[in-house]
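The values are calculated or read from the model by the stated rules, or taken from the named source; none is laboratory data. Predicted model only: the values in this text are computed from it and were never measured. With ideal geometry, Cβ positions are generated from the backbone for all residues, glycine too; neighbour counts draw on all protein chains shown. Accessible surface is based on the protein model in full, side chains and every heavy atom, while ligands, DNA and RNA are left aside. Shrake-Rupley method; radii C 1.70, N 1.55, O 1.52, S 1.80 Å.
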Amino acid sequence: MTKSHDYAVRVTAMNGQVRGFAAVTTQLVGEMQRRHHTWPVVSAALGRTATFGAMMGMMLKNDSDRLTIQVQGDGPIGQVVVDADSHGHVRGYVSNPAVDLPLNAKGKLDVAKAVGAGTLNVVKDLGLKEPYRGSVRLISGELGEDFTYYLTSSEQIPSAVGVGVLVERDASILVSGGFIIQLMPETEEAIISRLEEQIAHMPPVTKLLEKGASPEDLLSRILGDDMTVNARLPLSFQCECSKERIYNTLISLGPDEITNIIHEQGKAEVICHFCNETYHISKEELETLLEEAKG
Ligand SMILES: [Zn+2]
């Protein structure tokens, strides 16, 4: 099976009374799985969050806007962190990638137990003095419901979110994706009931993706064919780390700390949380950085 590239769409429907977002994130979540060696239930939690992040990125207005989603539960996977921007670049990590739990009562990966109880935070850097922060408590831990609750209660936009990840036996990602449906302030009651009906009777997102559904297909299931695609955005895993940034981080530690590293370890190994890339910094490089830190 050839895998098509990930992308997200933004649509409007019902005479502009409803807007929708959908994304296929199979490749993106696959890359996260390979980079962080996440076990199935962790891949599901990270993939659901990354899918939501990718769609939220499409809501950002300016080129330089970015957002971070933090799922902070008390479950065994610890924290789930996803960064996304308005260009379809997504990255993320979890505290503990190696978590194994029995399947839940429905025979599915027990994401709720892996995540636990806690809070969902969304931080948006919109180029203003202070970042925008929204926070809600986790009401389910399955994440789709939590994202719905966040949008509806914190951002005050009645929404429905569906996200899903299907993991293969060998822990690789078979499919990943999701949708967001949002009501504009004057959506008619009849339309709301129709949407609720459609969503309630829809097969799981993963079932549709497995059959090859595109983002547009996911949305037309709910909205019908009378929808307008306003934007289409390719999605990819992308981290912003670089040797330059690592240098700057080391310089910011100050001359004493750099001297310590030179004396105690002779070199430095820095791992980027977000992409798991290891940067090796030689003694010569550290000595140059020490000079810069001394300013
Ligand atoms: Zn990185």
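Applying a threshold of 6 Å to beta carbon distances and a minimum spacing of six or more residues, or different chains, the list of pairs starting in region 92-121 at a residue that is part of a loop (DSSP other than H, G, I, E, B) and ending at one that is among the polar types (S, T, N, Q) reads Ser95/Gln79; Pro97/Thr38; Asp110/Asn104.
Could you say whether any residue in region 219-229 is among the hydrophobic types (A, V, I, L, M, F, W, C), at pLDDT 95 or above, surrounded by 14 or more Cβ atoms within 10 Å (Cβ to Cβ) and more than 14 Å from Val11 (Cβ to Cβ)? For region 219-229, residues among the hydrophobic types (A, V, I, L, M, F, W, C), at pLDDT 95 or above, surrounded by 14 or more Cβ atoms within 10 Å (Cβ to Cβ) and more than 14 Å from Val11 (Cβ to Cβ): absent.
Restricting to region 189-200, name every residue that is open to solvent by 100 Å² or more (accessible area, probe 1.4 Å) and over 26 Å from the mean Cα position of the chain (by Cα). Glu189, Arg194, Glu197 - these are the residues of region 189-200 that are open to solvent by 100 Å² or more (accessible area, probe 1.4 Å) and over 26 Å from the mean Cα position of the chain (by Cα). For Glu210, state whether it is within 16 Å of the ligand (Cβ to nearest atom) and closer than 28 Å to Arg35 by Cβ. Here the answer is no, as Glu210 does not meet what is asked. Just checking, does region 123-137 include any residue being part of a strand (DSSP E or B), in contact (Cβ under 8 Å) with a residue 40 or more places away in the chain and open to solvent by 40 Å² or more (accessible area, probe 1.4 Å)? Taking every residue of region 123-137 in turn, at least one turns out to be part of a strand (DSSP E or B), in contact (Cβ under 8 Å) with a residue 40 or more places away in the chain and open to solvent by 40 Å² or more (accessible area, probe 1.4 Å).
If only residues of region 231-283 that are within 10 Å of the ligand (Cβ to nearest atom) and of a type in the set (D, E, K, R) are counted, the one that is most open to solvent (accessible area, probe 1.4 Å) is Arg245. Among the residues of region 32-78, the ones that are over 22 Å from Asp110 (Cβ atoms) and open to solvent by 10 Å² or more (accessible area, probe 1.4 Å) come to 11 in all. Restricting the first member to region 255-279 and to residues that are closer than 16 Å to His36 by Cα, and the second to residues that are open to solvent by 50 Å² or more (accessible area, probe 1.4 Å) and among the hydrophobic types (A, V, I, L, M, F, W, C), the beta-carbon pairs closer than 9 Å and six or more apart or on different chains are Glu277/Ile271; Thr278/Ile271; Tyr279/Ile271. Tallying residues that are in a helix (DSSP H, G or I) and open to solvent by less than 30 Å² (accessible area, probe 1.4 Å) within region 149-186 yields 2.
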